[in-house]
1. Restricting to segment 53-75, name every residue that is open to solvent by 40 Å² or more (accessible area, probe 1.4 Å) and within 18 Å of the chain's Cα centre (by Cα).
2. Given the structure, is residue 16 closer than 28 Å to residue 267 by Cβ and hydroxyl-bearing (Ser, Thr, Tyr)?
3. Being under 20 Å from residue 78 (Cβ atoms) and either open to solvent by less than 50 Å² (accessible area, probe 1.4 Å) or part of a helix (DSSP H, G or I) (or both) is the filter here; which residues of segment 1-18 pass it?
4. Which condition from (1) in contact with a helix residue (DSSP H, G or I) (Cβ under 7 Å, 6 or more places away or on another chain); (2) more than 20 Å from residue 196 (Cβ to Cβ); (3) within 16 Å of the ligand (Cβ to nearest atom) is the one that residue 78 breaks?
5. Using the structure shown, decide if residue 121 is open to solvent by 10 Å² or more (accessible area, probe 1.4 Å) and under 13 Å from the mean Cα position of the chain (by Cα).
6. List the helices (runs of 4 or more DSSP H) inside segment 201-274, counting only whole elements, that have at least 1 residues being of a type in the set (Gly, Ala, Ser) and away from the ligand (no atom under 15 Å from the Cβ).
Amino acid sequence: MQQIQGTTKLLGVIGYPVEHSLSPLMHNAAIAHLNLDYVYLPFPIAPSDLSVAIGGFGAIGLVGFNITIPHKQAIMPLLSEISPVAQAVGAVNTVWRKSGGWYGTNTDVAGFIAPLQDDNRDWTQCIAVILGNGGAARAVVAGCRAACFGEIHVVGRSPQKLAEFKSSCYSPLQIHPWEKLPEILRSASLLVNTTPIGMYPHVDESPVSAEVMAKLPEGAIAYDLIYNPNPTLFLEQAQAVGARAIDGLEMLIQQGGAALQMWLEQPVPVDIMRQSLWQKLGRT
Ligand code: NAP
């Protein structure tokens, strides 16, 4: 941790609750490595206090902040400018001060795509299947669109929420009830779990049965946004049928790296951010 002094500049994350957030750990690790005069703090802010808090952040000269549940959409009317990517997702996760106003963007999209870009693959003939139609699914759809997937299919349990999701997404996509999953999976190159099913402590749950997972073609990618446990049952099932597994930790690290780079306006040590979280989560 850097020494806090009169000149120290403030960054942070707002959420409610925010105690569980790993962001302070990874951001402060990068700040310390760069030997910069910044500190990144958690700010628990109740929904009813959001606009007062944002006004206060302006008054105290906060440089920028991340946004987590439940504020990612509620903050949008309080900002003076929103990037096209955040508009496409319909949610903001990163904010910084610009010309006296607050500018918002969404780095979850870049964070999601980052592990998929490792092998420089052409996805234009490939099919992405996304489980769930909540907030994270919106960033995943935008990411699949940015990665140029040929088809994007979203599977959900509520026909009404699925229809609303489709109409509010800028990306062309097809929606399906859960029962259609076995059929769609047969041609999938990427299967993404954006539901919380399987997250600690419910480690023996998966959004798909082993029988359905067996339809996933060998060599496909199974991507779980959950990072605790590692692997999830979903990823274990996928690996058992020959899929490549990606968990959500790298997305978390990469969205954080992209945010920190915007605030600091310089390259940031993503490897140090990764190392801090791997150490915290006991990964080797
Ligand atoms: P959310 O907005 O609450 O969306 C959750 C989605 O999962 C909804 O579509 C919901 O369906 C569906 N769902 C929940 N329980 C289900 C069940 N039993 N069967 C079928 N569908 C179910 O949450 P979110 O913000 O998108 O987050 C989702 C997950 O992604 C969480 O585990 C979160 O920790 C993770 N996440 C990870 C990262 C990262 O950086 N790695 C970033 C963001 C989120 P309904 O719409 O029908 O309710």
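1. 69, 70, 72, 73, 74
2. Considered against the rule, which asks whether it is closer than 28 Å to residue 267 by Cβ and hydroxyl-bearing (Ser, Thr, Tyr), residue 16 comes out as no.
3. Correct list: 10, 11, 12, 13, 14, 15, 18.
4. All conditions are met except number (3).
5. no
6. 210-213, 233-240
Residue-wise test of (1) in contact with a Pro (Cβ under 7 Å, 6 or more places away or on another chain); (2) buried (at least 17 other Cβ atoms within 10 Å of the Cβ).
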{"position": "20", "(1), (2)": "no, no"}
{"position": "31", "(1), (2)": "no, yes"}
{"position": "44", "(1), (2)": "yes, no"}
{"position": "51", "(1), (2)": "no, no"}
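Quick grid of which residues meet (1) open to solvent by 60 Å² or more (accessible area, probe 1.4 Å); (2) hydrophobic (A, V, I, L, M, F, W, C); (3) without any contact (Cβ under 8 Å) to a residue 60 or more places away in the chain:
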site	(1), (2), (3)
182	no, no, yes
186	yes, no, yes
190	no, yes, no
193	no, no, no
196	yes, no, yes
209	no, no, yes
213	no, yes, yes
217	no, no, yes
223	no, no, no
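The values are calculated or read from the model by the stated rules, or taken from the named source; none is laboratory data. Bear in mind the structure is a predicted one, so any value in this text is a computation, not a measurement. All Cβ positions, even for glycine, are placed from backbone atoms using ideal geometry, and neighbour counts span all protein chains on display. For the accessible areas, the whole protein counts, side chains as well, though only heavy atoms, and no ligand, DNA or RNA atoms are used. Shrake-Rupley method; radii C 1.70, N 1.55, O 1.52, S 1.80 Å.
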